[in-house]
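Okay, so here's the structure we're looking at.
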Amino acid sequence: MGSGTWILALLVLQSVFDGIYGLEQEVNHRTERISGSAGDVLEDDPVGRLKVFVYELPSKYNKKILHKDPRCLNHMFAAEIYMNRFLLSSPVRTLNPEEADWFYAPVYTTCDLTPNGLPLPFKSPRMMRSAIELISTNWPYWNRTEGADHFFVVPHDFGACFHYQEEKAIERGILHLLKRATLVQTFGQRNHVCLKDGSITIPPYAPPQKMQTHLIPPDTPRSIFVYFRGLFYDVGNDPEGGYYARGARASVWENFKNNPLFDISTDHPTTYYEDMQRAVFCLCPLGWAPWSPRLVEAVVFGCIPVVIADDIVLPFADAIPWEEIGVFVAEEDVPKLDTILTSIPIEVILRKQRLLANPSMKQAMLFPQPAQPGDAFHQILNGLARKLPHDEGVYLKPGQKILNWTAGPVGDLKPW
Ligand SMILES: *[C@@H]1O[C@H](CO)[C@@H](O)[C@H](O)[C@H]1NC(C)=O
Ligand SMILES: *[C@@H]1O[C@H](CO)[C@@H](O)[C@H](O)[C@H]1NC(C)=O
């Protein structure tokens, strides 16, 4: 890029900022309601619309595992734990399985962390299979539908494919015994074997209290144009950067490391959350796993998420108008990111900021303790309620079997 272009870019930026500040006076923290069905859906109250039966499983499937490693409560996949706690005291819970619309088995399959805190999904398939064996022998409900009125929270990198490497995950496919169940997962990518139809894509867990303590006054000027902190290269696994994040992050770094509009670095500063509140755009590129808490942070801090992840399925996409809130940049267009972002009209930026300022948007991204109306727990229930009533076809005829209990890798069949 020649220096002429730089000056032009800076002038554009200057006018964007002038425009934002000028108009901001006028708008003065006005938020914008989401028009149409989307906003209404976000504010739905699931109570009275569905009843969930929670299986009582031996503590080795949940409590004991957590007891061994309490770090699981702060991990980005902690939703599996908080969802269980939420359901146990939720008014949608029923103790009478005969009247239940949905059945839920609390199995903490991601709570097996390395010393560095990375989840190892190697035992997950056996653990899940063991839990399903148990519920199908002790209660009559699994066999009625072979799981079609059951849901499971599987927030691994590639959901119920239970592997953190994509090729291996694809090779494994979704655990066969979960083929008929509804999966609640963070993984979301269109046309991918690890995302089956009817799944509910949820945000990863980001600690709500911790984020709360970093809030700065909402009228603080957004003086950073583009913000990103994270890896550009995975030096250990992919030093060339061609495979990691499909090359998108490497491209962000190579093209914009010296661009004054881009505040990007691998250093994770203590002011990370504050910086996001000072930025207009926050980059949300895919990583090894397609999603990370970055999107949640951007929404909570009112920074327009710039999603660089082709074919991504965003959390609660049937309730949140992501296209209106965020900016979507194709992976191959990363070299043009500066032009793309500087040519977004100020009115469009302001509208996105007003939508982001809508509390229902932030609420839907979080798993607060205790739960609050409209939060991610409630959005999951809303998603489950929208699937009711179950199609008559999910109930099997006497003697009818669809699932094959011996399908899948032999290693998965070993008892857990
Ligand atoms: C459900 O089916 C499995 C396998 O077909 C069988 O072993 C089990 O006993 C059945 N469960 C009940 C509660 O009848
Ligand atoms: C079940 O899966 C196993 C392993 O893939 C296969 O050998 C067997 O033929 C399958 N059974 C049926 C009934 O399809």
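Looking at PHE77, PHE86, PHE53 in this structure, which one is at pLDDT 65 or above and over 27 Å from PRO207 (Cβ atoms)? Show your work before the answer.
Working: PHE77 fails: over 27 Å from PRO207 (Cβ atoms); PHE86 fails: over 27 Å from PRO207 (Cβ atoms).
Going through PHE77, PHE86, PHE53 in turn, the sole match is PHE53.
Per the conditions (1) surrounded by 10 or more Cβ atoms within 10 Å (Cβ to Cβ); (2) more than 16 Å from ligand 2 (Cβ to nearest atom), the sole criterion not satisfied by LEU403 is (2). Look at (1) outside any loop (DSSP other than H, G, I, E, B); (2) among the hydrophobic types (A, V, I, L, M, F, W, C); (3) farther than 30 Å from GLU99 by Cβ and you find that ILE81 fails only one, number (3). When the residues of region 342-386 are filtered to those that are in a loop (DSSP other than H, G, I, E, B) and polar (S, T, N, Q), the one that is surrounded by the most Cβ atoms within 10 Å (Cβ to Cβ) is ASN358.
If you check ALA376, ALA371, which single one turns out to be under 19 Å from PHE151 (Cα atoms), small (Gly, Ala, Ser) and away from ligand 1 (no atom under 16 Å from the Cβ)?
Working: ALA371 fails: under 19 Å from PHE151 (Cα atoms).
Going through ALA376, ALA371 in turn, just one is under 19 Å from PHE151 (Cα atoms), small (Gly, Ala, Ser) and away from ligand 1 (no atom under 16 Å from the Cβ): ALA376.
Elements of the type strands (runs of 3 or more DSSP E) sitting completely within region 219-314 and holding at least 3 residues that are closer than 25 Å to THR186 by Cα: these cover 224-229, 279-285, 304-308.
The values are calculated or read from the model by the stated rules, or taken from the named source; none is laboratory data. Everything numeric in this text was worked out from a predicted model, so none of it was measured. Every residue, glycine among them, receives a Cβ derived from its backbone with ideal geometry; neighbour counts consider all protein chains shown.
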